Amino acid sequence: MDTKTTTVLITGAASGMGRLATERALARGQRVLAWDVDETALASLPQAPGLHRARVDVRDHAAVAAAVEQAEAELGPIDEAWHAAAIMPLGLALEQSAELQRRIMDINYGGLVNLAQTVGRRMQARDRGTLVSFASLAGWIPAIYISAYNASKFACVAYTEVLAHELRDSGVHVVCVCPPMVATPLLDQARDTVWPKLFDLWPPLEPAKVLDAVDRAIAKRRLWVFPGPLTRISLWLRRWLPGFSWWIAHRVEGR
């Protein structure tokens, strides 16, 4: 693939995984549509000829559709779309407000749906393109204090898997990224709310390792990305020994 002629759309581009993905794409010579709701953070992205910033709220389907239409009218087809926008405030299921829990779902999962419904349909019509969904290991393994975030990422995992199979005979490649904790500012939202003791059992993964794994999955047209040495072990324990996984969680959290 000649990356110098491709256009990639990245949500949550001003921070964390989205920011690093944006910087990498620009370094490869790709045109980048950098979306975020934080205009100040967007303005701090490095200047580059191929960078196109836009404030877009991924919860708003009409705004997403309008921004996609404008971008493709001005720059041509979007070749890759990465949904990296996410929030992760934590808390007990019955103590987090219903409004906050809906917001988590609307951004993390609803944003993915809006992206797929707009960019994905255009890719399907062209019979080419790549959709990258940032789910999480939290989309497979539930834990105390993480119910709303878990629910949003479980939804992302299920939606992305079904989408991949519905598009399996097309030229659209769907990727579902499921990392453990990653060392990004997203963890600050947990620190500002509730920090589960489970998070202290192993250090967070470096974001560059996650993106390296995503690049390999795109090159080999794989669906699943499980970066990190302990990720698949954790999945195995959850699948075959769910009671043991919960025993560990209760013992660690003291609840």
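Please treat every number below as a calculation from the coordinates, not as lab data. Small disclaimer: the values here were computed from a predicted structure and weren't measured. Here the Cβ is made from the backbone with ideal geometry for all residues, glycine too, and neighbour counts use every protein chain on show.
Scanning residues 5 or more positions from Asp38 or on other chains, none has an amide H under 5 Å from its amide H, with H placed 1.01 Å from N in the peptide plane.
Adding -39500 (n - 2.57) for every DSSP H run of four residues or longer, then dividing by how many residues the chain holds, sets the calculated 222 nm ellipticity at -13000 deg cm²/dmol. Taking the DSSP bridge list for segment 81-194 and keeping only pairs wholly inside it, about 0 percent are antiparallel. Treating each Cα of the chain as an identical point scatterer and ignoring solvent, apply the Debye formula and state log10 I(q)/I(0) at q = 0.14, 0.15, 0.17 Å⁻¹. Scattering profile of the chain, log10 relative to I(0): -0.93, -1.06, -1.35.
Each of Asp60, Asp127 has some number of other Cβ atoms within 10 Å of its Cβ, and from fewest to most they run Asp127, Asp60. Each of Glu161, Glu69 was scored by other Cβ atoms within 10 Å of its Cβ. Listed from fewest to most, they are Glu69, Glu161. Note on segment 1-151: Rg/Rh from C-alpha atoms, Kirkwood Rh, equals 0.99. Remark: the Cα gyration tensor places segment 31-80 in the oblate category, a/c being 1.5 or greater and a/b not exceeding b/c.
When the Cα positions of Leu45, Ser97, Leu167 are compared along the charge dipole of segment 3-230, Leu167 comes out farthest toward the positive end, with charges on each C-beta of Lys, Arg, Asp and Glu.
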